[in-house]
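Engineer: One structure, pasted below without further comment.
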Amino acid sequence: MNERLATPDKEAIALLEPFTGLGLHQIQLVNTAAHAQQALQALAGARVLGFDTESKPTFERHEVSDGPHIVQLATVDQGYIFQLTDAGCRHALAQLLESPSITKAGFGLGDDRRRIISKLGVDLQGVLDLNMVFNQRGYRKDMGVRGAVALM
């Protein structure tokens, strides 16, 4: 018997206390090698980081994205958005992404992993795909962040 556990519905999620998240003053845009080094120093002491990537959309039928174009990393009280246009910024970020000592946690990271390998030439280490964790515990594969938070 391979029964799946129910995930919280929208009504149950709506009853939860709102999550305030980070304010704009707690989020830094990182787009130079120097700023990337400062961000990495600030993140070096973290054991776990929230992790996600974003790519510009493609609009042509056979167009292939050359993303990711940004990488987002966050602690409980600070977020960093790395723009990957600067080679020095990409190099500095690659060092952190290759580190197995800092867990990078996020949802649906399979495509992120492939794109990072393609764009930065590094293999992500210390990655925890939370969709897989919840799936192993019997929940449907892609419940999303709100559903996962509601379960905690």
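Any read-out appearing in this document is the output of simple, stated calculations on the displayed coordinates, not a laboratory observation. Everything numeric here is computed off the predicted structure, so don't read it as measured data. Here Cβ is always computed from backbone atoms with ideal geometry, including for glycine, and neighbour counts include all displayed protein chains.
Engineer: How many nm separate the modelled label positions at residue 77 and residue 25, each set 7 Å beyond the Cα in the direction of the Cβ?
Structural biologist: 1.3
Engineer: Could I ask something else about it? What is the gain in length, in nm to one decimal, between residue 32 and residue 56 on full extension, counting 0.36 nm per residue of separation less the C-alpha to C-alpha distance?
Structural biologist: Once the chain is fully extended between residue 32 and residue 56, it gains 6.7 nm.
Engineer: So, one more: Within the chain, what is the number of lysine pairs with alpha carbons under 26 Å apart, leaving out pairs fewer than eight places apart on the same chain? Before the final figure, lay out the partial values.
Structural biologist: Values: 10/141; 56/104; 56/119; 56/141; 104/119; 104/141.
Count of close lysine pairs: 6.
Engineer: Related question: Name the long-range amide H neighbours of residue 53: under 5 Å, sequence gap of 5 or more, or other chain; modelled H, no Pro or chain starts.
Structural biologist: Here 72 satisfy the definition.
Engineer: Looking at 37, 24, 7, which one has the Cα that reaches farthest to the positive end of the dipole of region 3-70 (charges on Cβ: Lys, Arg +1; Asp, Glu -1)?
Structural biologist: My answer, from the dipole projection, is 37.
Engineer: Between residue 6 and residue 118, what is 0.36 nm times their sequence separation minus the Cα-Cα distance? Round to one decimal in nm.
Structural biologist: On the way: separation 112, 0.36 × 112 = 40.32 nm, distance 3.61 nm.
Once the chain is fully extended between residue 6 and residue 118, it gains 36.7 nm.
Engineer: Using unit Cβ charges (K, R positive; D, E negative) and no other charged atoms, how large, in debye to the nearest 20, is the dipole of the chain about its Cα centre? It would help to have the intermediate numbers written out before the result.
Structural biologist: Working: 15 positive and 17 negative charges, 46 e Å.
Dipole about the Cα centre, nearest 20: 220 debye.
Engineer: Can you work out the Karplus-derived ³J(HN,Hα) for every residue in region 32-40? Use 6.51 cos²θ - 1.76 cosθ + 1.60 with θ = phi - 60°, whole Hz, and x for glycine or proline.
Structural biologist: Working through the residues one at a time gives 9, 4, 5, 5, 5, 5, 4, 5, 5 Hz.
Engineer: May I pose another question? For region 89-152, which trypsin sites (Lys or Arg not before Pro) pass both filters: DSSP loop (anything but H, G, I, E, B) and at most 12 other C-beta atoms within 10 Å? Write down the numbers at each step before the final one.
Structural biologist: Values: sites: 90, 104, 113, 114, 115, 119, 137, 140, 141, 146; in loops: 137, 140, 141.
Counting only loop positions with at most 12 other Cβ atoms within 10 Å, the trypsin sites (Lys or Arg not before Pro) in region 89-152 are 137, 141.
Engineer: Roughly how far apart, in whole Å, are the Cα centres of region 35-108 and region 18-32?
Structural biologist: Answer, in whole Å: 14.
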